[in-house]
Amino acid sequence: MQISGAQMVIEALIAEEVEVVFGYPGGAIMNVYDEIYKQRSFQHILTRHEQAAVHAAEGYAKATGKVGVAMITSGPGFTNGVTGLADAYMDSIPLVLISGQVPMSLIGTDAFQEIDAVGISRPCTKHNYLVTDAADLPRILKEAFYIARTGRPGPVHVDIPKDVTAQIAKFDYSKEVDLETYKPTTKGNTRQIKKAIDAIAAAKRPLLYLGGGIINANAAELV
């Protein structure tokens with residue numbers, strides 16, 4: 001079906017069975033917020049600051065095990081959310097941050113509320129995207145959720161210029177994700193595991209220093 005980029009964002013969130021979105025609106029993301037107002041499939045919680053939106057999405061992800069979703073606008077809206085992104089990256093929290101961006105023609109011109117969001121988010125995300133064509137939105141959004149939740153979980157940032165949210169294109173969310181450069185390991189290395197077992201067996205006073213992955217994997221009982 002042919003729909004706008006803003007509508008594609010909503011349809012993707014519905015397809016991913018998102019229940020709650022945390023956000024704070026602004027001009028660059030307003031087309032998407034107009035579509036949020038029309039839908040009844042998920043709840044939007046209005047925070048009073050972009051950093052709070054991202055931290056709230058983190059808390060939701062920790063509490064539910066699902067991908068947390070936050071939505072913010074461009075410029076200072078995005079920079080306010082960077083602390084939450086960095087925190088999610090350090091704590092391996094599955095998160096998708098959707099930010100509005102100024103129109104394509106204004107990117108790189110120091111326009112009002114314009115900043116290099118993908119450049120800033122690159123060091124503190126698993127992956128990030130600048131969407132330049134609405135036709136790419138279904139693929140990018142599906143990849144974003146896949147990357148966020150698989151392997152070692154983490155935040156993914158999707159930056160969408162305002163004119164892209166207004167473009168009309170075909171929405172097809174049926175294609176499976178297959179990334180040549182992203183094949184997360186899901187099985188332990190037998191040789192490394194044996195080394196760990198031998199080290200623990202030989203230790204007189206073993207000390208296990210374990211990360212949050214134990215909780216995420218429901219492996220506390222096994223440990």
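For the condition at pLDDT 95 or above, under 24 Å from Ala169 (Cβ atoms) and of a type outside the set (A, V, I, L, M), what is the one hit in Gln51, Gln7? Walk me through it before giving the result.
Working: Gln51 fails: under 24 Å from Ala169 (Cβ atoms).
Every option except Gln7 fails the conditions.
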Sole exception among (1) touching a Gly at 6+ places or on another chain (Cβ under 6 Å); (2) closer than 18 Å to Val158 by Cβ; (3) part of a helix (DSSP H, G or I) for His55, by number: (2)
Hey, Tyr146 under 29 Å from Met90 (Cβ atoms) and either of a type in the set (A, V, I, L, M, F, W, C) or crowded, with 17+ Cβ neighbours inside 10 Å (or both) or not: yes
In the stretch 87-105, residue farthest from Ile72 (Cα to Cα) [restricted to those that are crowded, with 18+ Cβ neighbours inside 10 Å and aliphatic (A, V, I, L, M)]: Ile93
Subset tally (residues that are surrounded by 15 or more Cβ atoms within 10 Å (Cβ to Cβ), small (Gly, Ala, Ser) and more than 22 Å from Gly77 (Cα to Cα)) for the stretch 1-47: 3
Among (1) more than 24 Å from Pro103 (Cβ to Cβ); (2) assigned to a strand (DSSP E or B); (3) of a type in the set (Asp, Glu) - the single one Asp178 does not satisfy: (2)
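Quick test for you: out of Ala57, Ala53, Ala61, Ala70, pick the one residue that is buried (at least 21 other Cβ atoms within 10 Å of the Cβ), aliphatic (A, V, I, L, M), under 16 Å from the mean Cα position of the chain (by Cα) and over 28 Å from Pro103 (Cβ atoms). Give the derivation first.
Numbers: Ala57 fails: over 28 Å from Pro103 (Cβ atoms); Ala53 fails: over 28 Å from Pro103 (Cβ atoms); Ala70 fails: over 28 Å from Pro103 (Cβ atoms).
Just one listed residue meets the conditions, Ala61.
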Listing of strands (runs of 3 or more DSSP E) fully contained in the stretch 73-165 that carry 1 or more residues being under 11 Å from the mean Cα position of the chain (by Cα) and among the polar types (S, T, N, Q): 95-101, 127-130
Cross-chain or 6+ apart pairs with Cβ under 6 Å, the stretch 79-98 first and aromatic (Phe, Trp, Tyr), then not in a helix (DSSP H, G or I): Tyr89/Gly154; Tyr89/Pro155
Evaluation of Arg191 against (1) loosely packed, with under 10 Cβ neighbours inside 10 Å; (2) outside any loop (DSSP other than H, G, I, E, B); (3) at pLDDT below 95 (one fails), failing number: (3)
When residues of the stretch 109-136 are limited to those that are buried (at least 20 other Cβ atoms within 10 Å of the Cβ) and in contact (Cβ under 8 Å) with a residue 60 or more places away in the chain, the one farthest from Pro94 (Cα to Cα): Ala134
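The values are calculated or read from the model by the stated rules, or taken from the named source; none is laboratory data. If you're wondering where the values come from, they're calculated on a predicted model, not measured in any experiment. Reconstructed Cβ throughout: ideal geometry from the backbone, glycine too, with neighbour counts over all protein chains shown.
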